[in-house]
1. Mind listing whichever residues of the stretch 181-195 are open to solvent by 70 Å² or more (accessible area, probe 1.4 Å) and either more than 22 Å from the chain's Cα centre (by Cα) or without any contact (Cβ under 8 Å) to a residue 40 or more places away in the chain (or both)?
2. Every residue in the stretch 21-41 that is under 26 Å from Arg187 (Cα atoms) and hydroxyl-bearing (Ser, Thr, Tyr), please.
3. So, in the stretch 291-308, of the ones that are more than 11 Å from Pro281 (Cα to Cα) and of a type in the set (Gly, Ala, Ser), which residue ends up nearest to the chain's Cα centre (by Cα)?
4. Against the condition modelled with pLDDT of 95 or more, within 14 Å of the chain's Cα centre (by Cα) and open to solvent by less than 60 Å² (accessible area, probe 1.4 Å), how does Leu221 come out, does it pass?
5. Identify, by number, the condition in (1) modelled with pLDDT under 60; (2) in contact with a strand residue (DSSP E or B) (Cβ under 9 Å, 6 or more places away or on another chain); (3) in a helix (DSSP H, G or I) that Gly252 doesn't meet.
6. More than 29 Å from Ala73 (Cβ to Cβ) and modelled with pLDDT of 70 or more, is that true of Asp258?
7. List pairs: first residue in the stretch 103-126 and closer than 19 Å to Ser308 by Cβ and at pLDDT 85 or above, second residue of a type in the set (Lys, Arg) and not in a loop (DSSP other than H, G, I, E, B) anywhere in the structure, Cβ distance under 6 angstrom, at least six positions apart or on different chains.
8. Look at Gly145 and say whether it is more than 25 Å from the chain's Cα centre (by Cα), loosely packed, with under 15 Cβ neighbours inside 10 Å, at pLDDT below 90 and on the phi > 0 side of the Ramachandran plot.
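The values are calculated or read from the model by the stated rules, or taken from the named source; none is laboratory data. From a predicted model like this one, the values you see are computed outputs, not experimental measurements. Cβ placement follows ideal geometry from the backbone for every residue including glycine, while neighbour counts extend to all protein chains displayed. Just the protein is used for accessible areas: all its heavy atoms, side chains included, with ligands, DNA and RNA removed. Shrake-Rupley method; radii C 1.70, N 1.55, O 1.52, S 1.80 Å.
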Amino acid sequence: RMNCGFPFLRSRKGMQRVVYITDPEGNLGYFEECIKQSNGVYLEGGELQLRESWTLVFGGDVCDKAEGSLRIARMLASAKKRYSERVQIICGNRDFNKLRLRLELSDAAMASEPALPYGSPKNTISYAAFLANLTAEQVPPPPKGGCLPPADALMLPPAVYEALNTKPNRLRWTLDHTMGAQGEFERRRLELQVVTGQAKVDDGQVVDSFLESVAEGGALLELLRHGQLVVCIDETLFVHGGLITASYSKAGVKNAIDHPHTFAGAVVEEEGFEIALGFVPGLSERVEDVKAWADKLNKWFRQAVSDSVTQPCKEPNASIAQQYVTYGNWPSVVM
């Protein structure tokens, strides 16, 4: 049994008052409704306000599924700046994976065909096939009784590939086929129309918006820099999703793209059951105390974020940090 670092029993009177909100995934209406129903936080002038003696724990996944990702990220980043330790940000897989865009949409990366990222579903289509599908949509319908060839069989001529290989198309493929964020490109366009008041937002502005969010001063990068993977408050452990187990990971291998990797640490077993609790990448020994484990894991995560920004890995899809917050991977705190 692991020592949690605090008394087993504590009176309710002595415990912190916590507001927990998680997984809005861009749904601003849901996020605001959670705030309205809370006793500890409220909205004023479009800003998130925290009542005295309350702590806010955000459980991760700011973006990807609705038209409010930018506004939610900005609201949380502002609250973190104003309230410091009273706002605890847990980073979800949908938040952390956006750091990939810094490298994958760079001019250098655009010059070559991208590899399928670590953790992508095994049915993910290649970028070349995605571009071929774009041309297939423009091909006249086949004669009666005939059929179009599969996208992979179209074999785009180099000139056609070059013409279609744009940052907007690369971003659409990345979001739709490697990040589980189908349709997010157009949702961001809609949000920018609301935020900027512009009736028309072009593809370039959408790309710029994603890149700016993870550039210096960007709201999402600020959340990641101040974020963590684990929050311990009194007798409660907060993570994004759950502590994944090796058995879950092994069952999920068939669903995800894998690459050779190592965590430089031994698999932890307790009563024959492999668990991630107490594991920190780079440490060969399990950390027995939960609070000490949380501190070490969060320190590692923040360094991983910093390294991703200041020293981008040439092969980010195989980076240890990406693996550790990817569905179906062992070990992970994302589930």
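1. Initially, the stretch 181-195 is screened for residues open to solvent by 70 Å² or more (accessible area, probe 1.4 Å), giving 182, 186, 190, 194.
Scanning the stretch 181-195 gives Gln182, Glu186, Val194.
2. Thr22, Tyr30
3. Checked the stretch 291-308; the qualifying residue nearest to the chain's Cα centre (by Cα) is Ser308.
4. Working: modelled with pLDDT of 95 or more: yes; within 14 Å of the chain's Cα centre (by Cα): yes; open to solvent by less than 60 Å² (accessible area, probe 1.4 Å): yes.
So Leu221 passes the test.
5. (2)
6. Numbers: more than 29 Å from Ala73 (Cβ to Cβ): yes; modelled with pLDDT of 70 or more: no.
The answer is no for Asp258.
7. Correct list of pairs: Leu105/Lys167.
8. Values: more than 25 Å from the chain's Cα centre (by Cα): yes; loosely packed, with under 15 Cβ neighbours inside 10 Å: yes; at pLDDT below 90: yes; on the phi > 0 side of the Ramachandran plot: yes.
Taking the combined requirement at face value, the residue satisfies it.
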